[in-house]
Amino acid sequence: MRPMPTPRPSLDPMQQAQQLFTGHHAWLLSRLKARLRNTAEAQDVASETFLRVVAAPNPVPIDEPRAFLTTIAKRLLFTLWRRRELEQAYLQALSESPPELAPSPEERALLLETLDTIAHALDGLSLKARQTFLLSQLDGLTYHAIAEQLDISHSTVRRHMTEAFRRIAIAQLHQQAGLAPARAGQV
């Protein structure tokens, strides 16, 4: 018969975050600097990584802190790069449109703010759900094509799309009401 594992002493969430920060911030920052080649962006992603750790609703003991931090940072990088793609696609579409159809600077700022709101709303989705939404809305794929490409069921595609649109609707209501965007776990 196997011996029962001894329970670990539970850490206060802030104490755990502090230990992670003091023990691994410099390491994470250097990895992000090498990846992004931009110190300011690396600092932003590192800060957001630790903010996510602190904001976690149910902290758990972390066996591999660097792997844990790397996973969070990679998700944030994916989001950052996807936002850039969205903004670049928008700017490309603007540059190709006739000047008389170009939005005013105010309209352009509002559109970019809306894109950012949508990107924030999608932050809380799983990777597959975000991919589903982006393949549908940016690439114009049908639900069946998305299901095939991502190797998920058609009903899962519909569920992911419903959740994405729900989150976007809530985020836009927050934006219209002048409220701060909801964080990933709050939508």
Taking Cα atoms only, helix 65-96 is inclined relative to the longest principal axis of the chain by an angle, in degrees rounded to 10, of 10 degrees
Just add up the charged neighbours of LEU86: K/R +1, D/E -1, any other residue whose Cβ is under 15 Å from the Cβ of LEU86.
-> -1
Zone residues, segment 36-80, relative to TRP27, backbone N less than 13 Å from point 7 Å out along Cα-to-Cβ | 63-71
In nanometres, what is the gap between the two model label sites at SER95 and LYS128, each 7 Å from Cα along Cα-to-Cβ?
-> 3.7 nm
If you count, for each residue, the other Cβ atoms within 10 Å and average over each peptide, how do 91-103, 122-134 line up from highest to lowest?
-> 122-134, 91-103
Ordered by packing density, taken as the mean number of other Cβ atoms within 10 Å over each peptide's residues, highest first, how do 152-158, 167-173 rank?
-> 167-173, 152-158
Normalized C-alpha radius of gyration of segment 12-51, against 2.2 N^0.38 Å?
-> 1.18
Taking only the alpha carbons of the chain, the radius of gyration and the largest Cα-Cα distance, Dmax, both in angstrom, are 19.9, 79
Quick one: angle between helix 13-36 and the longest Cα principal axis of the chain, in degrees between 0 and 90, rounded to 10, please.
-> 50 degrees
Length gain on complete extension for the stretch GLU113 to ASP12, per 0.36 nm per residue less the alpha carbon to alpha carbon distance?
-> 32.7 nm
Point-to-point label distance, THR39-ARG158, nm (Cα→Cβ direction, 7 Å offset) | 5.4 nm
FRET efficiency for ALA177 and ASP63, using Cβ-Cβ distance with R0 set to 35 Å, rounded to 0.05 = 0.25
GLU106-ASP139 FRET efficiency (beta carbon distance; Förster radius 22 Å; 0.05 resolution) | 0.15
For ALA42, the net charge from surrounding residues (Cβ-Cβ under 9 Å; K, R +1; D, E -1) works out to +2
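Read-outs throughout are calculated quantities, based only on the coordinates presented, and are distinct from any laboratory measurement. The structure presented is a predicted model; accordingly, all values stated were derived computationally and were not measured. Here Cβ is always computed from backbone atoms with ideal geometry, including for glycine, and neighbour counts include all displayed protein chains.
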